[in-house]
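One structure below.
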Amino acid sequence: MLIEQSKIKTIKYIRFIVALLLLLLVIGTWLIPVGWIAATSFKPRTSIFTVPPTLVFKPILNHYARALRFLGIVASIRNSLVIALTTTLITLLVAVPAGYAYARFRFKFREQLSFFTLFTQMAPPISLLIPFFVILHKLKMFDTYIGMITIHLTLLIPFSIWLMITYFQDLPHELEEAALIDGASPFTTFIYVMLPQVAGGIAVTGILAFIASWNEFLYASILTGRKVQTVPVAIFSFLTTEETLWGPFAATGTMIMIPVIIVVLIAQRHIIRGLTFGAIK
Amino acid sequence: MEQRVRISRQNGKTNYDDGESTTSPRHRGVKRERPRWTKQQEHFAWKMVSPSIAFLVIIFAFPLVYLLVTSTHQFDLTKPWKNAWIGFNNYFAILGDGRFWHSLQLTAFYTTATVFLQVIIGLGLALALSKVEIGRGIVRTAVLFSMVLSPVVTGLTWRTLLLTPRFGLLDYIAVQLGIGSHSWLGDPQLALLSVIAMHTWQWTPFAFLVFFAALAALPQEPLEAAKIDGAGARQCFWFITLPLLRPSIVIVIVIRTMIALRAFAAIFSATGGGPGTATEILNLYTYRASFTALNIGYGAALATVLLLITTGISFLFLRIRVSRR
């Protein structure tokens, strides 16, 4: 009996160790590549190209200085910020009311309209690249903030509407019923009763919209020129030349990651829910 | 409760005529005049959605029409003197285009392989880690980064820091494991596998997180009952855990397929579709035909075909999801 128990204990112990190792493996698999970019950005050139790859080096900031000084990265970071922030703001202004209406009201053509919104969400972005390219040129909006922001909105508005619908659907109907009995108009109810309740959802939608716009590459690569080039496009210039500028590339990559990583660390639980479209509560 | 839900579905989200139209037989079939209040609500809802609709019509529906019109034209920036309306000739050309069929095959393979791998690896890891008490928060945060990282940075990082022969981190690990150093993105077959591995790395966390949460929320009673009845671990998994997880698995497959079909930036920055056309999925072929070969008319036709395929599959999958629930 005693032997049996100690055996069970050993099995449990081994299982625990295996699980722990697996845990470390998972964390390593997904964290090391990200950390590697950051580490490389601080490495002297001689330490970047070593066999085996090394983590022992004297950290330097030369790559950041080089990236910021020579290749218009500062301007592209500013462009990315302007575009991402404006896009996020407009997206929320348009998508939050629409999400509320789809989630709570019945009105004419509701099914058709929500189908249309879903369709815009599913269309692969590249399919509209040609019309956007030609139309922006014709309207003289090529390589301008307003042009790029408008195009980014096509990506973000449908997505944000669908996300907001899931948040509004979670709220109890009693909220509106109570407001109705107190004589509040639908609009007052929306502003003063519903909005505070979905503040978290709005924040997550805003964060994800910001990340999507900040990271977007396809449209930015074709529809911007020198003037409003965004960082994801600018970062290419380090690697298209014959010379491989791994250092400045890693430095710029790290700068692209920083805002996203900060946001993720602050709001990780909520973001998981948003990323999975409410599949996880 | 059930009835109330039904009523509120019929009348939007209000139940002001509780017991009128549904409980009293006398009122059935009587055409009631719609109260002013309902109209007011409808007006309100319309005002709420109209900005988004107006916007999407201008910026989506109008360009879509433009795309369809362009696709029936010969519109080649390298031969502008030949531009003309040519009907469906671009589409006929697609049917005889070997490169198109090749890219279609690649898209099918790429999408199936990545989604399959994500589900299998995500499920495996979630099951293995579901019993571990410590470090759950750390794991959840750690796996999140690959999903929010800019796809361009991901693609370029794989191309340079991870997969470069001799100096790349993954290449070094491959050498240590006895696989040896390879030109991971230079060899056509390896390039496709590398790109699939990259996409899997990027998005397995999605599957993992969904399954991880689903497992934590699983009811314990069926499992306990099965154990009392003498079911083994394997039986418990196949006949209880897996069926209970089915809704999550379906959601993951649906959402991941939809996103895999839109994949562009990561592959583009890792291989650019090459070497040759080894990783040229439909998205990349459309891009190259339009903006590298500058044959806009043909590119528009390709884009239309791509649009039809992608939205068709997406709606099919959504329908499956709805009916399975």
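The values are calculated or read from the model by the stated rules, or taken from the named source; none is laboratory data. Fair warning: this is a prediction, and the values are worked out from it, not measured in the lab. Methodologically, a virtual Cβ is constructed for each residue, glycine included, from the backbone with ideal geometry; neighbour enumeration extends over all protein chains shown. Only protein heavy atoms, including side chains, enter the accessible area calculation; ligands, DNA and RNA are left aside. Shrake-Rupley method; radii C 1.70, N 1.55, O 1.52, S 1.80 Å.
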Over segment B:236-256, the set of residues over 22 Å from the mean Cα position of the chain (by Cα) and loosely packed, with under 14 Cβ neighbours inside 10 Å is B:W238, B:F239, B:L242, B:P243
Considering only segment A:79-100, state which residues are hydrophobic (A, V, I, L, M, F, W, C), under 10 Å from A:M164 (Cα atoms) and within 8 Å of chain B (Cβ to nearest Cβ). A:A95, A:A98
Subset tally (residues that are open to solvent by 40 Å² or more (accessible area, probe 1.4 Å) and closer than 21 Å to A:Q121 by Cβ) for segment A:161-177: 3
Of the conditions (1) buried (at least 20 other Cβ atoms within 10 Å of the Cβ); (2) aliphatic (A, V, I, L, M); (3) more than 8 Å from chain B (Cβ to nearest Cβ), A:A267 satisfies every one except a single condition; which number is it? (1)
Looking at A:I151, A:I126, can you tell me which residue is β-branched (V, I, T), open to solvent by less than 30 Å² (accessible area, probe 1.4 Å) and either farther than 25 Å from A:L81 by Cβ or not assigned by TED's automatic domain parsing to the domain that holds A:H173 (or both)? A:I126
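Residues are listed down the side, and each one gets a yes or a no for (1) more than 7 Å from every other protein chain (Cβ to nearest Cβ); (2) buried (at least 21 other Cβ atoms within 10 Å of the Cβ); (3) over 26 Å from the mean Cα position of the chain (by Cα):
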| residue | (1), (2), (3) |
| --- | --- |
| B:L117 | yes, no, no |
| B:I120 | yes, no, no |
| B:S130 | yes, no, no |
| B:V139 | no, yes, no |
| B:T154 | yes, yes, no |
| B:T157 | no, yes, no |
| B:L161 | no, yes, yes |
| B:F167 | no, no, yes |
In segment B:43-88, what count of residues is obtained for those that are of a type in the set (K, R) and either under 24 Å from A:A103 (Cα atoms) or touching a Lys or Arg at 6+ places or on another chain (Cβ under 9 Å) (or both)? 1
Output the residue which, of all residues in segment B:83-115 that are within 21 Å of B:P188 (Cα to Cα) and touching a Phe, Trp or Tyr at 6+ places or on another chain (Cβ under 8 Å), is surrounded by the fewest Cβ atoms within 10 Å (Cβ to Cβ). B:R99
Would you kindly identify the helices (runs of 4 or more DSSP H) lying entirely within segment B:142-239 that contain at least 3 residues that are at negative phi and of a type in the set (V, I, T)? B:151-157, B:188-216
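If we only count helices (runs of 4 or more DSSP H) wholly inside segment A:120-217, which ones have 1 or more residues that are at the interface with another protein chain (Cβ under 9 Å from one of its Cβ atoms) and closer than 21 Å to B:Y66 by Cα?
Filter on segment A:120-217 gives A:129-138, A:145-169.
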Within segment A:178-226, considering residues that are in contact with a Leu (Cβ under 9 Å, 6 or more places away or on another chain) and free of Cβ contacts under 8 Å to residues at least 24 places away in the same chain, the one surrounded by the fewest Cβ atoms within 10 Å (Cβ to Cβ): A:V193
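Among the candidates A:L139, A:L89, A:L113, A:L81, single out the residue that is open to solvent by less than 40 Å² (accessible area, probe 1.4 Å) and of a type outside the set (S, T, N, Q).
Testing whether each residue is open to solvent by less than 40 Å² (accessible area, probe 1.4 Å) and of a type outside the set (S, T, N, Q) leaves just A:L113.
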Are any of the residues in segment B:266-288 over 27 Å from A:R269 (Cβ atoms), touching a residue at least 24 places away in the same chain (Cβ under 8 Å) and open to solvent by 50 Å² or more (accessible area, probe 1.4 Å)? yes
Does B:A300 fit the bill of being at pLDDT 90 or above, part of a helix (DSSP H, G or I) and of a type in the set (A, V, I, L, M)? yes
If you scan segment B:17-74, which residues turn out to be over 23 Å from A:I161 (Cβ atoms), among the aromatic types (F, W, Y) and modelled with pLDDT under 90? B:W37
Among residues of segment B:37-55 being more than 7 Å from chain A (Cβ to nearest Cβ) and of a type in the set (A, V, I, L, M, F, W, C), the residue most open to solvent (accessible area, probe 1.4 Å) is B:W37
